[in-house]
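Notes follow the structure.
Coordinate-derived values only; no laboratory data. In this text, all values refer to a predicted model and were calculated from it rather than measured experimentally. All Cβ positions, glycine included, derive from the backbone under ideal geometry; neighbour counts span all protein chains shown.
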Amino acid sequence: MAANKPIPPKPLSFPGGIHPAKDGKSLTEKKAVVAAPLFDRYVVQISQNVGAPPKLVVKVGDAVKKGDLLAEASGFVSVPLHAPTSGVISAVGDAPGPMGTLVPAVYLDADGRDEWTANRMAPLDWRTAEPAELKNRVRDAGIVGMGGAAFPTHVKLSPPPDKKIDTVILNGAECEPYLTADHRLMLEQPEKVLVGAAVMARALGVENIFIGVEKNKPDAIDKLNELAGKYGVKVVGLKVQYPQGSEKQLIYALTGRCVPEGGLPMDAGCVVQNVATAAAVCDAVESGVPLIERITTVTGTPLAAPGNFLVRIGTPVIRLVELAGGVTEEPRKLILGGPMMGFAQRSFEVPVAKNSSGVLLLAASEIVQYDSAGCMRCGMCLRGCPMHLSPGPLSMLIENEKFDLAAQNHVMDCLECGACAYACPAHRPLVQHMRRAKAEIRKRAKK
Amino acid sequence: MSENCNNVKLPSGDELILSSSPHIHDNQSVRKIMLKVIVALLPAAAAGVFFFGLPAAGVILLTLASCVAAEAIWFFLAKRPLSPLGDCSAALTGLILALNLPPATPWWVCVLGGFLAIWVGKQVFGGLGHNPFNPALVARVALLIALPAALTTWTPTGIEAADSEFELSTYATPLGKAAMLKTTATPHGSAHGDIYAELATDDAYWNYFIGNRGGSLGETSCLALLIGGIALMLMKLIKWQIPLVFIATVGVFSGAVHFFAPAMTPPALFHLMTGGLLLGAFFMATDMVTSPMTTWGCVIFAFGCGVITCVIRIWGSYPEGVSFSILFMNALVPLIDRMCQLRPFGYVRKKA
């Protein structure tokens, strides 16, 4: 066990950030999670993790059971993929992906029996299991970061030996407006979250466990606190501030440590996991269930009955829109994720992936398309930026294609959180500029 | 694909709007900010019209109109769309310039000022956001140097003029009077150097506070300027560091000089309540385009403004130094911003 270094006084927030006026959480925060019914077809994207895409092990016509392997991990930074229900593989081909392109996917026609596979993993007693055993289980269950990053969780649990990890942090901030999936999870299944945290701490040999939750979820904080002592977890209420759930900002808020520029959380002695990931880890270890379903917020004012749903991975978004009562007003924007960092979609057929924390519909009246004006140096982007960059001046460098100067001015540190663009009174597409510069700089570095 | 849900159709893929995140916005805009600042200046403008009468209203309207016209003509000549006029920044420049002019400025000076501000102060640099100097101040200082007589002909307020002891021939602003007293008083003339006593009575301070004194159209009423300035600070439209540090620096500097050499300059409170300090500190030094973006940059900027204002007021040949100090510090803004550039979160100093 690593010795716990003293943690400096917690700042419980971070410098910078914004406070979106309309957080939209009231649409769904009181809606208990409802399990979605079985649909007749699932479209499971093959690559749902950062890193190497897994290798397909089924072919068209194969009958699979729920939890059967669809694809196996193809490297260390890769996770397997499992069938969300029992049925027949009707096709393997392209499907609309979350980034607007077509991506390879497995089409699974459900047989309606939803039978479990015979090869289901055996439950583990996490209190006695070896750390390596726990890590293997996390990998075999196909678990990736469910907050949005989709980074394979077992990789985060296997830091290089020269990095001393002394703290596990669970991210329950859920700072994205509109999303309440993590909130409901912490409220309804606090024990799963806490067990997941304890499992990961054991896998890492760490005793210091924090759950950071924004203070706008007092009920979830209370619920977690009732049980937290049993698992040695400290629940910490954090200031409501976007992007509090960003890894680096969360580490700072909870420990006062800064992740060095260009570094990873492990450089600050921390491993950060989303609460939903922790719950998935708990399922995998305690019941041998692979990651085949998740809680997703389906929300937006156009929907008749927005809510939180337990959905199988591979469910087309159109099914969720129907589940949420359909629309009462025509939506003009479909977003996978939250309004600050989510991706606009161009098809309702896009399926839910392991990292889809929300499906958001915006009506025409909520979408404002602006013509951008010149920067007038008001500095609102500087005050919003959680990374202390100067997005306005950077955007002017990028407009003039001065990518080397942008790199010198730390554009690579940008989180793309959108705080600058949210605040900009000149409506400059700051995030777009940052993304362009980052892509360009990476491309040049490769040459 | 358009399936029926509650009889409302889902749009097909082509009808969905695609855009980069973030998908929500603060709904703040340049136009809204400019309009709010204009509204915040209305108390000062109203006070000017109240104390100096209808000619002051004429100066305001004419200057404002000439600024907007100057910008429109520039866009027309440059064959550019007129749409940026909608951001109201030219109107704001016009209003600020008017508030900096004497209440009885001749009409042609107002028009000239409007064109100077927009053309020379702003558009030659590329328009809003690119001008290094506050356009209204560029115009005011250019007029002051080119047409000193028109820019230093002060009008008494209606209340002063009704006073039986009033003498028009020696009329001057309080700062002007202080400068005259300084030059006419013999070095050891009055006991304890209290030559400024008549300018620093309770009555005089009350008049400075409400605005019953000579001066530029919109600079006289401390009350009206404080209302607008504090409103802007509360709305976070100006960086509070600038007015606070500016005013505090002037107070401490002039107070210290007065303490050690009472004959040199009137007391600190006199300096704070007269001249264009409040107008400059709240509405001109805080111009977004020409002030630093960083917090510490604002502090340095405002400190510099305060020091230069005092130096000019106490030792300079002009009685007032607010305009010059802001323009000078405007020129240093790029340097200040560079000095105060933020370090990214988690910045590690590179090993040499």
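Would you list, by chain and number, the aspartates and glutamates whose Cα falls below 12 Å from the Cα of A:Lys402, excluding same-chain residues fewer than 8 positions away?
Partners within reach: A:Glu440.
What ranking do B:Ile227, B:Ile118 get, fewest neighbouring Cβ atoms within 10 angstrom at the top?
Least crowded to most crowded, the residues run B:Ile227, B:Ile118.
Along its three principal axes, how long is the range B:83-228 when you only count alpha carbons? Whole Å, largest extent first please.
Taking max minus min along each principal axis of the Cα atoms, the range B:83-228 gives 61, 30, 27 Å.
Please give the direction-averaged projected area of the C-alpha convex hull for the range A:176-233, in square nanometres with one decimal.
Reported value for the Cα convex hull: 4.0 nm².
How big is the range A:200-271 by the Kirkwood estimate over distinct Cα pairs, in Å? Please list the in-between numbers first.
Numbers: mean 1/r = 0.0763 Å⁻¹.
For the range A:200-271, the Kirkwood estimate is 13.1 Å.
If one computes the Cα centroid of the range A:23-94 and of the range A:425-443, what distance in Å separates the two points?
Between the Cα centre of the range A:23-94 and that of the range A:425-443, the gap is 32 Å.
Output needed: Cys residues of chain A lacking any neighbouring Cys C-beta below 4.7 Å, sorted by number.
A:Cys175, A:Cys258, A:Cys270, A:Cys282, A:Cys375, A:Cys378, A:Cys385, A:Cys414, A:Cys417, A:Cys424
Semi-axes of the range B:9-91's equivalent ellipsoid from the Cα gyration tensor, sqrt of 5 times each eigenvalue, largest first, rounded to whole Å?
The three semi-axes for the range B:9-91 are 39, 20, 9 Å.
Counting only helical runs of four or more DSSP H residues, what would the 222 nm mean residue ellipticity of chain A come to if each run contributes -39,500 (n - 2.57) and the total is spread over all its residues?
Numbers: 13 runs with 119 residues, N = 447.
My calculation for chain A gives -7500 deg cm²/dmol from helical runs alone.
Taking just the C-alpha trace of the protein assembly as shown, give me its Rg and Dmax in Å.
Every Cα atom of the protein assembly as shown included, Rg and Dmax give 32.7, 111 Å.
Residue by residue through the range B:293-307, which ³J(HN,Hα) values in whole Hz follow from phi under the Karplus form 6.51 cos²θ - 1.76 cosθ + 1.60 (θ = phi - 60°), with glycine and proline marked x?
Each residue's phi maps through the Karplus curve to give 8, 8, 4, 5, x, 4, 5, 4, 4, 5, 4, x, 4, x, 5 Hz.
Taking R0 as 45 Å, what's the FRET efficiency between B:Val39 and A:Asp40 from their Cβ-Cβ distance, rounded to 0.05?
Working from the Cβ atoms, E equals 0.15.
Once you put a point 7 Å from the Cα of A:Ser74 and another 7 Å from the Cα of A:Arg442, both along the Cβ direction, what distance in nm separates them?
So the two model labels end up 1.8 nm from each other.
Could you give the length gained by full extension between A:Ala149 and A:Asp404, i.e. 0.36 nm per residue of separation minus their alpha carbon distance, to one decimal place?
89.1 nm
What residue among B:Ala162, B:Ala90, B:Ala45 shows peak mean-square fluctuation when chain B is described by a Gaussian network model with Cα springs under 10 Å?
Checking each option, the largest mean-square fluctuation is seen for B:Ala162.
Run a plain Debye calculation on the range A:57-134 (Cα atoms as equal point scatterers, no solvent) and give log10 I(q)/I(0) at q = 0.18, 0.21, 0.23 Å⁻¹, rounded to two decimals, same order as the q list.
The Debye formula, applied to the Cα set alone, gives -0.86, -1.01, -1.10.
Roughly how many nanometres apart are two label points built 7 Å out from the Cα toward the Cβ at A:Met99 and A:Lys10?
The modelled label-to-label distance comes out at 3.6 nm.
Can you give the alpha-carbon Rg of the range A:380-446 over 2.2 N^0.38 Å, where N counts its residues? Provide the component values of the computation, followed by the final result.
Working: Rg = 10.8 Å, N = 67, 2.2 N^0.38 = 10.9 Å.
That works out to 1.00 for the range A:380-446.
Could you please report the charge total around A:Glu130, scoring K, R as +1 and D, E as -1 over all other residues with beta-carbon less than 15 angstrom from its beta-carbon?
Net charge around A:Glu130: +2.
Can you give the direction-averaged projected area of the convex hull of the alpha-carbon atoms in the range A:124-167, in nm²?
3.9
Who wins for biggest fluctuation among B:Asp202, B:Asp287, B:Asp337 in a Gaussian network model of chain B, springs between alpha carbons below 10 Å?
Result for chain B, Cα springs under 10 Å: B:Asp202 fluctuates most.
Loop sites only, by DSSP: take the trypsin sites (Lys or Arg not before Pro) in chain B that have at most 12 other C-beta atoms within 10 Å and name the longest stretch containing none of them.
Longest stretch, sites excluded: B:80-235.
Within 10 Å of each Cβ in peptide A:423-430, how many partner chain Cβ atoms are there on average? Round it to a whole number, please.
5
Taking R0 as 45 Å, what FRET efficiency do you get between B:Asp163 and B:Lys236 from their Cβ-Cβ distance, rounded to the nearest 0.05?
It comes out at approximately 0.60.
Just add up the charged neighbours of A:Met376: K/R +1, D/E -1, any other residue whose Cβ is under 13 Å from the Cβ of A:Met376.
Numbers: positive: A:Arg377, A:Arg428, B:Arg31, B:Lys32, B:Lys122; negative: B:Asp87, B:Asp287.
So the surrounding residues net to +3.
Taking the convex hull of the alpha carbon atoms in the range B:30-151, what volume per residue do you get, in Å³? Numbers along the way, then the final one.
On the way: hull volume 10.8 nm³, N = 122.
Each residue corresponds to 89 Å³ of Cα convex hull volume.
Using alpha carbons only, what's the Rg to Rh ratio of chain B with Rh from Kirkwood?
Working: Rg = 23.6 Å, Rh = 21.9 Å.
Radius of gyration relative to Kirkwood radius: 1.08.
Please give me, ordered by residue number, the trypsin sites (Lys or Arg not before Pro) of the range A:31-77 that lie in loop per DSSP and have at most 11 other Cβ atoms within 10 Å.
Passing both the DSSP loop test and the Cβ count: A:Lys59.
Under the definition of Cα pairs under 8 Å and six or more residues apart, what whole-number percent is the relative contact order of the range B:177-282?
32
Can you give me the long-range amide H partners of A:Val34? Hydrogens built in the peptide plane at 1.01 Å from N, cutoff under 5 Å, separation of 5 or more residues or another chain.
Sorted by chain and number, the residues that satisfy this are A:Asn308, A:Phe309, A:Leu310.
Looking only at Cα atoms, what is the convex hull volume of the range B:171-338 per residue, in Å³?
In the range B:171-338, the Cα hull volume divided by residue count equals 106 Å³.
Once the Cβ-Cβ distance between B:Phe125 and A:Lys30 is put in as r, and R0 is 56 Å, what FRET efficiency do you end up with, to the nearest 0.05? Spell out each step's value before the answer.
Working: r = 54 Å, r/R0 = 0.96.
Efficiency computed from Cβ-Cβ geometry: 0.55.
Looking at the P(r) of chain A, how many percent of alpha-carbon pairs lie beyond 31 Å?
Roughly 41 percent, rounded to a whole number.
In Å, the Kirkwood hydrodynamic radius of the range A:244-332 over pairs of distinct alpha carbons?
Values: mean 1/r = 0.0625 Å⁻¹.
Result for the range A:244-332 stands at 16.0 Å.
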